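Before any comments, here is the structure.
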Amino acid sequence: MKHPVRLERQSGVAVIAIDNPPVNALSTAVRRGILGALEACLSDERITAIVLAANGRTFPAGADISEFGQPLQQPGLPDLCDLIEASDKPVIAALHGTTLGGGLELAMAAHYRVAHEDTQLGLPEINLGILPGAGGTQRTPRLVGVDAALDLMLSGKPISAQKALEIRLIDGVVGDDLRETVKALAADTDETKPTRDRRDCLADGAHYMSRVSERRRQNDHRFAAKKIIDCVESALLLPFDVGIEVERDAFSECLASRASAGLRHAFFAERRAPKFPELKQASARQVDRVGVIGGGLMGSGIVIACLSAGLPVTLVEEGETGVNAALDRIGEHYKRAVSTGRMTQGQGTSALNYLNLTTEIDALRDADVIIEALPEDMVLKEAVFAKLGRLAKSGAVLASNTSYQNVKDLADAAGRKTDVVAMHFFAPAHRMKLVEIGVTEDTDATAVVTAHSLAKALGKIPVRATAQPALLGNRILQGYRKVADRLLLSGATPAQIDTAMRDFGMPLGPYEAQDLSGLDVSWALRRRNTDWPAPLDLELADRMCEAGWTGQKAGQGYYVYPDGRRTGEPNPDMLKMLADERADKERSVFAFTGQDIRDRLLCSMINTGAQLLEEGVASCASDIDVVMLHGFGFPREKGGPMHQADALTPHHVARLIEGLAEVDPDLWSLSPLLSKLATERQKFEQL
Ligand code: 3HC
């Protein structure tokens, strides 16, 4: 095995070079390597200065996250930082790439830091529900002051090398030849190292304490944020070594928290999802032009995503009215981007220059990927795919943004089964990061990989699914809404259900969400298609649509929105309609707590997720989590429904569902996979 740390000597300067691709994470082997190299340097009288650097694309991007949760192997990163700081030979860190987390902490322990001008530096631990645990909470405020330190640690966002120089996080920035420049600097040092006054940050203690109190008053609900503020306060009030002890305890508490487990799960799940098996079988075709059919809300969002990624687009709309409406929608986006300073006028104009808007479907002849984004009308879609089958160039990928229809039928209509996939975006498509790619048994690996590479080029996270109506997310959503409707029929109100789910961490409850997106969309689907989505067993939504209460845009839905307000009050007419339906159906009414509601809705997501795995629609449980995190706003610190199932244990979830099935046997049917995991006391992550 290649050694992950190399030691080179050149006259009096030693270079310790970390070499652990892809991101030089500070794994046990790397830490051991650095320790060995440091000890060798310190005991070698010929060496007068040490350069700490990294090969490949970056200085370490942090501790090795995959080692978290396992017993800590020596040497720990904090000890390594102490050893560097205590070295009587000057240590200069040469930074490049993404110098993050433990990587930056290692650099802060060095006596000087010089970065390449393109370096990004940051302390993103908060994104994983933890805090800098190798002295970062104590060294950062001493180096850059409390304000900048709290900004770095609480935002988790990286800063540029130039900004890092301004706040004195680093000592120098260089253009080219970082390693040689730093080696020359090291050769020039007069063998003295700066002694760091560890009380530096107490210089303006009263001011800094007020900043700490201010951050505390902002009441950041994240556990790790509270702990970071506590640690920075300790840096102000306590000697360094005691502050380090405070940090160590806080780090352990954060690492053991459920939020950190959920966030770390999300980190790896997002990176696992795009690893489609087809990537080993085929290479993507070049995509020089994308075609989009339908410039409604979804189609326009897809067009904007492509234009913003610098991809030329041909958008086909019906008639002059359709063309003008689409142009207004897309133009409005760029106008707003310019007026809010997110884009210059020139950038906005040049993005629009890549757009060819037409009513002629023939204009799609030269497109490499064509995405149909029409309303969910199968007759219309099949007619379009039949045309595409005839006119699209050989090898073009024919994709449908459908969330409900069977892509196999579209492939049949096109007569080019190998070229057809689903590419299901989430609204607004230019902002939401998720794209479900639905693959039929006939889809060619090259078509899959090309759709995947387009999704990546648009900055999206592609998740693979076997092409089935509703793919992953909408299958789960349908079960979720069904269970919510049953709760309504059995005595809960929309407001109770929405509040319970917001308390769980969802951005909106199911009924607020329907009011926002419009009840008429799924009403139209239900009327058009008797098979899918399955008819509701609560008639309330249909009755509401018949009455014209289609949600926010109509001024009333499950809530009323007087004077165009965006937050509503419960709709008394809807509650009367609901009470009438309960009475007609002679339903008994029960009182539900928020926990009852959350248990049922979470169990529904987990049970449908398990069914999707059984059916082979989802490749792995963590893919389902990525879909729920990025498509439906499932709270990230909870990791996703399947991660929640593992945290609660499948055994516990199965017992809950069995209990629910006793009361509502027509609604609940325990997934055999979930039942098996429960019996064998296994978890989804072990599948
Ligand atoms: N530990 C382990 N693996 C890591 C890692 C880390 N810190 N950072 C990235 N990786 C892995 C990824 O899982 C991925 O693996 P894969 O190829 O098997 O899927 C590979 O490195 C490449 O990562 P990305 O796909 O994310 O590559 P990008 O180029 O898009 O992004 C990055 C690079 C900006 C470094 C991004 O990976 C990132 O943000 N990493 C996390 C950084 C971080 O959170 N650091 C703090 C860690 S916690 C810490 O340091 C605690 C300390 O205070 C004690």
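The values are calculated or read from the model by the stated rules, or taken from the named source; none is laboratory data. No experiment lies behind these values; they were computed from the predicted model shown. Cβ sites come from the backbone with ideal geometry, for glycine too, and all protein chains shown count toward neighbours. When the accessible area is computed, the model is the full protein with side chains, heavy atoms only, and any ligands, DNA or RNA have been set aside. Shrake-Rupley method; radii C 1.70, N 1.55, O 1.52, S 1.80 Å.
Rounded to whole Å and ordered largest first, report the semi-axes of the equivalent ellipsoid of the range 487-614 derived from its Cα gyration tensor (root of 5λ).
Ellipsoid half-lengths, sorted descending, are 22, 19, 17 Å.
Shape verdict for the range 410-473, please, from the Cα gyration tensor: rounded (a/c under 1.5), prolate (a/b greater than b/c) or oblate.
prolate
So how do K280, K460, K387 rank on accessible area, 1.4 Å probe, biggest first, that is with the largest at the start?
On the way: K280 190, K460 15, K387 100 Å².
Order by accessible area, largest first: K280, K387, K460.
Could you tell me which residue out of A325, V287, G348 lies farthest along the dipole of the range 264-351 toward its positive end? Charges go on the beta carbon: Lys and Arg +1, Asp and Glu -1, centred on the Cα centre.
It is V287.
Using only the Cα atoms of the range 329-465, build the gyration tensor, take square roots of its eigenvalues as a ≥ b ≥ c, and label the shape rounded, prolate or oblate: rounded if a/c is under 1.5, else prolate if a/b is larger than b/c, else oblate.
prolate
Given a 1.4 Å probe and the protein chains all in place, what does the accessible area of T679 round to, in Å² to the nearest 10?
110 Å²
Give the cross-link partners of K460 among the aspartates and glutamates, using a straight C-alpha distance below 15 Å as the criterion and excluding same-chain residues fewer than 8 apart.
Within reach: E270, E436, D623.
For the range 107-146, what class follows from the C-alpha gyration tensor (a ≥ b ≥ c being the square roots of its eigenvalues): rounded when a/c is under 1.5, otherwise prolate if a/b is larger than b/c, else oblate? Write down the numbers at each step before the final one.
Values: a/c = 2.07, a/b = 1.27, b/c = 1.63.
Taking the square roots of the gyration eigenvalues as a ≥ b ≥ c, the range 107-146 is oblate.
Convert each backbone phi in the range 109-119 into a coupling constant with the Karplus relation 6.51 cos²θ - 1.76 cosθ + 1.60 (shift: θ = phi - 60°), then list the ³J(HN,Hα) values in order as whole Hz, x for Gly and Pro.
Listing the rounded values in order: 6, 6, 8, 9, 10, 10, 10, 5, 4, 8, 5 Hz.
If you add up the charges near V313, with Lys and Arg at +1 and Asp and Glu at -1, over every other residue whose beta carbon is less than 15 angstrom from its beta carbon, what do you get?
-3
I need the GluC sites (Glu not before Pro) found in the range 91-140, filtered to DSSP loop residues with at most 14 other beta carbons within 10 Å of theirs.
Within the range 91-140, the qualifying GluC sites (Glu not before Pro) (loop, at most 14 other Cβ atoms within 10 Å) are E117.
Taking only C-alpha pairs under 8 Å that are 6+ residues apart, what is the relative contact order of the range 1-94 in percent? Display every interim value, and only then the final one.
Details: 149 pairs, mean separation 31.3, N = 94.
Across the range 1-94, relative contact order equals 33 percent.
Mind jotting down the distance between the C-alpha centroids of the range 219-237 and the range 48-115, whole Å?
Each part's Cα centre sits 23 Å from the other's.
Exceeding 28 Å between C-alpha atoms, which entries from my cross-link table qualify? They are K638/K676; K280/K676; K275/K683.
Numbers: K638/K676 24 Å; K280/K676 32 Å; K275/K683 22 Å.
Checking Cα-Cα distances, K280/K676 exceed 28 Å.
DSSP loop (so not H, G, I, E, B), at most 14 other Cβ within 10 Å: list which GluC sites (Glu not before Pro) in the range 320-363 pass both filters.
In loop regions of the range 320-363 (DSSP not H, G, I, E or B), the sparsely surrounded GluC sites (Glu not before Pro) are E360.
What does the helix-only formula give at 222 nm for the chain: each DSSP H stretch with n ≥ 4 adding -39500 (n - 2.57), the total divided by the residues, and the result rounded to the nearest 500 deg cm²/dmol?
-15000 deg cm²/dmol, from helical runs alone.
Within a Cβ distance under 9 Å of L487, other residues only, what is the Lys/Arg minus Asp/Glu net charge? Provide the component values of the computation, followed by the final result.
Values: positive: R486, R600; negative: D485, D596.
Surrounding charge for L487 is 0.
For the chain, report the accessible area per residue in Å² (1.4 Å probe, heavy atoms, rounded to an integer).
Numbers: 29500 Å² over 687 residues.
Each residue of the chain exposes 43 Å² on average to a 1.4 Å probe.
Out of all DSSP beta bridges in the chain, what portion is antiparallel? Express it as a percent rounded to 5.
30 percent
Report relative contact order for the chain in percent, whole number only (criteria: Cα-Cα under 8 Å, sequence separation at least 6).
This gives 9 percent for the chain.
Could you pull the Rg and Dmax for the chain, using just the Cα atoms, both in Å?
Answer for the chain, Rg first and Dmax second: 28.6, 93 Å.
What does the charge add up to near R271, with Lys and Arg as +1, Asp and Glu as -1, over the other residues with Cβ less than 12 Å from its Cβ?
So the surrounding residues net to +1.
Scaled to the compact-protein estimate 2.2 N^0.38 Å, what is the alpha-carbon radius of gyration of the range 438-538, rounded to two decimal places?
That works out to 1.35 for the range 438-538.
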